[in-house]
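The values are calculated or read from the model by the stated rules, or taken from the named source; none is laboratory data. Computed from a predicted structure; not experimentally measured. Note: ideal-geometry Cβ built from the backbone for every residue, glycine included; neighbour counts use all protein chains shown.
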Amino acid sequence: MSRKKSQKSRGSGGSSSSSSPAASSLPPKDGGKSCSPDSQVPLDGVVVPGRPSLSNSAEFYDLAFKVMLVGDSGVGKTCLLVRFKDGAFLAGSFISTVGIDFRNKVLNVDGVKVKLQIWDTAGQERFRSVTHAYYRDAHALLLLYDVTNKTSFDNIKAWLTEIHEYAQQDVVVMLLGNKVDSAHERVVKKEEGEKLAKEYGVPFMETSAKTGLNVDLAFMAIGKELKHRSMKIPNEPKFKLHEYVKKEVKGSGCCKS
Amino acid sequence: MDYKGIGGRSGQEAEETAKDRIHRIDAYGFERPKDFDYASYEEFYSGYLEILTRRAIKWSKLLQRNNGVEKSLKVKRYIRKGIPNEHRAMIWMIVSGAQAEMDLNPGYYRKLLEGEKNDRLVEAVQTDLNRTFPDNVRFRKTSSPCLQQELYNVLVAYGHHNKNIGYCQGMNFITGYLILITRDEEKSFWLLDALIGRILPDYYSPAMIGLKTDQEVLGELIRMKIPAVADLMDSQGVMWTLVVSRWFICLFIDILPVETVLRIWDCLFYEGSKILFRVALTLIKQQQARILEAKNFPDVCDKFKEIIKGPFVMECHTFIQKIFTAPGSLSMKTINKLRDTCKARLVQG
């Protein structure tokens, strides 16, 4: 891994900027020559507005960000992603994610086309050593647990510790309690999720990939936060992620927990 | 097989499209994907049928002789040209050494199943049962017989047999394929043992060091053989693990078409893990120009999803011929040397 980094900084000098018009207006890439490459967020992958880039799906976008889905095996990461990407949930059609996989979606955030490249990871513990190498490149992390599975909630602290260890300091983290449609099987109360999120200073919401509850909101909130961070528009009021989430989030309705 | 009966319907044929003539479910029970290219498949398959017939005759002659499948150049050549499906399980069993192990350990598999179970292992396996091939009719809960029970048995037995590994996601898919081909739990168990215990490096243990090593080895091979792609990966900061981890862990299941995967596995059981590099190198080399169109990080990742689609990977016979020519020479000595250096680098951190 360490070798890779040094090669990356060597290779990033000329070739990347000349071969990529969209990336040419980026700040010097990856800070290879600056003080500490590991502590800086290289916003690679961010395409600057005004130079629309054509992705493979022939969809234009102004900005691109990397989002990662993490959490225990079976909490519904892939389902959440498919619900967001395709607006669908077909029970019994999901396969366990092995290693790491991704899907793209372009969001319209206040008139700006934001491409989210969303990385879906295997939840099984042994895969963490394979996937955490990628944490440092992620702009946002959605951390999921399953409200019907206590262990997945208990493991959130360990996930947060790992995130703090490997991700960039200013990575956007959001905690999601998924599967709230299974009201009868719920074992983690909403208040417990809220309390934990507050303790770690991260926004929180409950979601259901099955019904779609708050799924688009979770990704939109991430998109808005990242867009506001990378585009400083004069006179625009500062975007406040926590407040936005609080205002927009919907309750799961039926269940008093 | 794959074709619906078309005899006596020649008059209507002109009006039919390939989609009408080919089953929605393939010979192994997999539903064809929504975007399945029926027309290209039909064109390929009509030619492939001839090859299959020719190979079937050759194999039955070979098997009539006593020493039919002792390792030899002839057998190797035959295997590279594809094992007929009716002999596949038997040949895999013999050339991988699984048959010998099974014969040496009668009753062992049953004993594992009857023994005490580790709760965590059982839970991990159960989490994945419904998530293994939901697109295959034989693995659906509603089908009878449903292969989920066999899958559960083999995975739990293996986890107790090889406690260092237990259960690792990815093994569910591999075992699923083994069950589909062998239709026999015990044989699937011993084939899984051959793959994990002997043929593949340490891909599935908790540290996954063999997997990390082979991803780096592939990176080094690309640097040697396809340097422009290596430069692109470096300049865009794309780690190999992001785009190829599933290739190695799942042995190309759900990456390449089923028939292509089986042809790869024919060679894998006989020739070993080197084959995985040959496949990876061929995919990347063949589609080099497309990969090099990528202008940024997300593009590079997208390209790696594109290169595993299309006629090139569907036409399994030509594809397998290509893996032995396109990457050029690839000796086990080179691979072992690279594995040593890459592993040392990883261990040092």
Exercise. Within region B:262-291, work out how many residues are more than 23 Å from B:Leu73 (Cα to Cα), in a loop (DSSP other than H, G, I, E, B) and away from chain A (no Cβ under 14 Å).
Key: 0
Quiz item: Would you pick out the residues in region A:90-147 that are basic (Lys, Arg) and surrounded by fewer than 22 Cβ atoms within 10 Å (Cβ to Cβ)?
Solution: A:Arg103, A:Lys105, A:Lys113, A:Arg126, A:Arg128, A:Arg136
Quiz prompt | Tally of residues being away from every other protein chain (no Cβ under 14 Å) and either assigned to a helix (DSSP H, G or I) or under 13 Å from B:Gln236 (Cα atoms) (or both) across region B:292-321 | solution = 10
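Do you know which of the residues in region A:59-108 that are touching a Pro at 6+ places or on another chain (Cβ under 6 Å) and within 11 Å of chain B (Cβ to nearest Cβ) is modelled with the highest pLDDT? So that I can check it myself, show each step before the final result.
Narrowing region A:59-108 to residues touching a Pro at 6+ places or on another chain (Cβ under 6 Å): A:60, A:62, A:64, A:92-93.
Subset that is within 11 Å of chain B (Cβ to nearest Cβ): A:64, A:92-93.
Values: A:Ala64: 93, A:Gly92: 78, A:Ser93: 83.
The selected residue is A:Ala64.
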Quiz prompt | Among residues of region A:109-125, those that are more than 7 Å from chain B (Cβ to nearest Cβ) and more than 19 Å from A:Ala221 (Cβ to Cβ), counted | solution = 3
Quiz item: If we keep just the residues of region B:130-142 that are more than 19 Å from B:Ile181 (Cβ to Cβ) and in contact with a helix residue (DSSP H, G or I) (Cβ under 9 Å, 6 or more places away or on another chain), which is nearest to the other protein chains (Cβ to nearest Cβ)?
Solution: B:Arg131
Quiz item: What is the one condition in (1) surrounded by 14 or more Cβ atoms within 10 Å (Cβ to Cβ); (2) not in a strand (DSSP E or B) that A:Met205 does not satisfy?
Solution: (2)
Quiz item: For B:Ala326, which of the numbered conditions (1) surrounded by fewer than 20 Cβ atoms within 10 Å (Cβ to Cβ); (2) in a helix (DSSP H, G or I) fails to hold?
Solution: (2)
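Inside region B:164-220, can you point out the residues that are of a type in the set (Ser, Thr, Tyr), within 9 Å of another protein chain (Cβ to nearest Cβ) and in contact with a Cys (Cβ under 9 Å, 6 or more places away or on another chain)?
Restricting attention to region B:164-220, the residues satisfying the condition of being of a type in the set (Ser, Thr, Tyr) are B:167, B:175, B:177, B:182, B:188, B:203-205, B:213.
Imposing the further condition that a residue be within 9 Å of another protein chain (Cβ to nearest Cβ) reduces the set to B:167, B:204-205.
B:Tyr204, B:Ser205, listed by residue number.
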Quiz item: Taking B:Ala228 and the conditions (1) within 11 Å of chain A (Cβ to nearest Cβ); (2) under 19 Å from the mean Cα position of the chain (by Cα), which numbered condition does it fall short on, given that it satisfies the others?
Solution: (2)
Quiz item: Is at least one residue of region B:68-87 at negative phi, among the aliphatic types (A, V, I, L, M) and loosely packed, with under 13 Cβ neighbours inside 10 Å?
Solution: yes
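For every residue, the table says whether it meets (1) at pLDDT 85 or above; (2) under 20 Å from B:Phe319 (Cα atoms).
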residue: B:Lys4; (1), (2): no, no
residue: B:Gly8; (1), (2): no, no
residue: B:Ile22; (1), (2): yes, no
residue: B:Tyr41; (1), (2): yes, yes
residue: B:Ile57; (1), (2): yes, no
residue: B:Ser60; (1), (2): yes, no
residue: B:Gln64; (1), (2): yes, no
residue: B:Leu73; (1), (2): yes, no
